[in-house]
1. Give the average, rounded to an integer, of partner chain Cβ atoms located within 10 angstrom of each Cβ in A:54-62.
2. Read phi for every residue in the range B:32-45 and hand back ³J(HN,Hα) as whole Hz from Karplus 6.51 cos²θ - 1.76 cosθ + 1.60, θ = phi - 60°, with x for Gly and Pro.
3. So what's the net charge close to A:Val115: Lys and Arg +1, Asp and Glu -1, counting the other residues with Cβ under 11 Å from its Cβ?
4. Report, to the nearest whole %, how much of the accessible area of the range A:193-335 belongs to carbon and sulfur atoms, 1.4 Å probe, protein only.
5. To check you understand DSSP bridge types, tell me what percent of the beta bridges within the protein assembly as shown (both residues inside) are antiparallel, rounded to 5.
6. How big is the antiparallel share of DSSP beta bridges in the range B:50-161, given as a percent to the nearest 5?
7. At 1.4 Å probe size, with no ligands or nucleic acids counted, give the accessible surface of A:Thr324 in Å², nearest ten.
8. Okay, helix-only estimate at 222 nm for chain A: each DSSP H run of n ≥ 4 adds -39500 (n - 2.57), divide by all residues, round to 500 deg cm²/dmol; what do you get?
Protein chains: 2
Amino acid sequence: MSVTFACPAPIGRHDRVVLGHGGGGRLSAELVESVFVPAFRNDVLAALEDQATLTLEPGVRVAVTTDAFVVEPIFFPGGDIGRLAVCGTVNNLVGGGAIARFITAAFVIEEGMLVADLERIARSMRAACDEAGVSLVAGDTKVVERGKGDQVFITTTGLGTYPGMRRPLSVAAARPGDRVLVTGTLGDHGIAIHAARLGLAFETVLQSDVAPVGKLAAAILDACPDARCMRDPTRGGFATTLNEIAAASRVGIVVTERDLPVQPEVANACEMLGLDPAYLANAGTIVAVVPAADAERVLAAVRALPRGRDAALVGEVVDTRAGTVAVRSNNGGERALPMLAGEPLSRVC
Amino acid sequence: MSVTFACPAPIGRHDRVVLGHGGGGRLSAELVESVFVPAFRNDVLAALEDQATLTLEPGVRVAVTTDAFVVEPIFFPGGDIGRLAVCGTVNNLVGGGAIARFITAAFVIEEGMLVADLERIARSMRAACDEAGVSLVAGDTKVVERGKGDQVFITTTGLGTYPGMRRPLSVAAARPGDRVLVTGTLGDHGIAIHAARLGLAFETVLQSDVAPVGKLAAAILDACPDARCMRDPTRGGFATTLNEIAAASRVGIVVTERDLPVQPEVANACEMLGLDPAYLANAGTIVAVVPAADAERVLAAVRALPRGRDAALVGEVVDTRAGTVAVRSNNGGERALPMLAGEPLSRVC
């Protein structure tokens, strides 16, 4: 847990796309901000939330999000690319305060892929849809020549609504004095993918946490209707998500290392591989910022759920060093926990 | 125009995905119907329309469609993958009777792609969005290793609404006696891609027709509020679209070969290459079925638009041979015009 590979060096302009542009950290942000935001400039996109909130007709708001999934391997301990594609999109909607309702899926299939594998993925997606309470309502399939793809890439788009007391949440709403909560152990998805790819012996005990987070979010919002932000920490992990919240909210965030929930097997694997679980992807966890007065009540509500039993209050929002995240280490010191720079593990989602 | 490569032989069950599964014809339908429809079974999906119509709240309907684009080459005469991705999705919404409003885009980028090419594509997408009157509101980027993708694949998802007199149209609504109209010349997009790929000398005069079809659809619906069906004939072309309408509506369709609008350059290229323009993709054209009484009025309205000047009434809906399409040839005979079977041209969209 002590080694961080987040590089603080400035990142120059690239002529060609590199793997790090897909890592979910500073290079990814640079690509989006230099290529896509200028081209498509509009208010919704400029907010850089994980989901967009649209007004379709006066009074009718809908949450929309889209994600491409290129995870490798496509089957891994705890899940597969199909389950990940459904949960990733559902969780973006849920993190934004919405109830996930509908999903679409487009498949880019490499010639030669086993039809049986595709069927297994489709069944897994249906199961994940049922678990999340969403219907798959539209789809598309394309096929590319052998060697021009990698088995299957899946892009899912989700639609959500804000019934009753629900409202769009923003990563720009954290305030000094708030507390930071995580609903589960850190890095489970990223380390499971990494171990599966390396064929490491301990891979059987390292399982992805991939799951829909709707019930966790409902517990948080029921216990604390005034919750500030929620986000699922995928690419770039917990540390990158906190940096996004700190930057958007113009606040500082300080977390306490000993409070960070990490499974012992994950900690061991990270130690061995020189990885930091704070930068590894999760796929079934929420990072939430809540007012201090509600924090213990939210923690109890989340811990009462099967997927929330490892939840922990791990830090606080401060009014100094706006836009940055620091960690109080076990030895009493404090160090920066910057946004992930490049690409530690490619294709984790 | 006389050679058809649509194979009438039955298609067996495949263990592995072949390129033809992406061709948009019978093999594509087989893949969707054997793998995806059973897994995701629900009423919206079972309708197999190009777009789904959802009821988000009582009285609030939204049209949704999704499409993956893997066209090769990514830049071609008349357009590029970005323009195609915006127009393809907009046109699915428009074909279903909706007004296109919002779009999302997810990019799967191959390591090593030129950032300048990505910027050019993003600018082209923005221009197409402006032309179509839609905003791009959410996006995602992923990067895969060199040799695991092919420069860039783009998946777009579109949202549309049905303001005023608009209503969802269905391919199941054609009735005997109706007339069939096409708004432009056949096969322009498919032949432009094919020529560009082969590096043929005439490629400069063969331009894709890729464009948003919103104005064409508005002209049709204004002239004929009772229009039965509209669809943009992409993969599988005009012939496959007519077969989809014939099957869904349980009617026969007869078209007249000499009435089919085909550019002379396209006809020449097809003759040389042994292709039939009726099976080649369009990307800025609508096939519409309208009541006979309105047909001439619709034709005049469409022809008044710049993109509709080659529009033609090309056939009629009959109450015999339900589910099939026939063509009256120039020599007076009649032959079947079946659904595209396999894959004449891969990766045209």
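The values are calculated or read from the model by the stated rules, or taken from the named source; none is laboratory data. Keep in mind that this is a model prediction, so the values were computed, not measured. Positions of Cβ are generated from backbone atoms using ideal geometry, with glycine treated the same way; all protein chains shown enter the neighbour counts. These accessible areas exclude ligands, DNA and RNA; they are computed on the full protein's heavy atoms, side chains included. Shrake-Rupley method; radii C 1.70, N 1.55, O 1.52, S 1.80 Å.
1. Values: counts 7, 0, 10, 8, 0, 2, 6, 2, 7.
The shielding value for this peptide is 5.
2. For the range B:32-45, the Karplus curve yields 5, 6, 8, 9, 8, 4, x, 5, 9, 2, 7, 5, 5, 5 Hz.
3. Summing Lys and Arg as +1 and Asp and Glu as -1 gives -1.
4. That fraction is 49 percent.
5. 75 percent
6. 75 percent
7. 60 Å²
8. Numbers: 10 runs with 100 residues, N = 349.
One gets -8500 deg cm²/dmol as the mean residue ellipticity at 222 nm.
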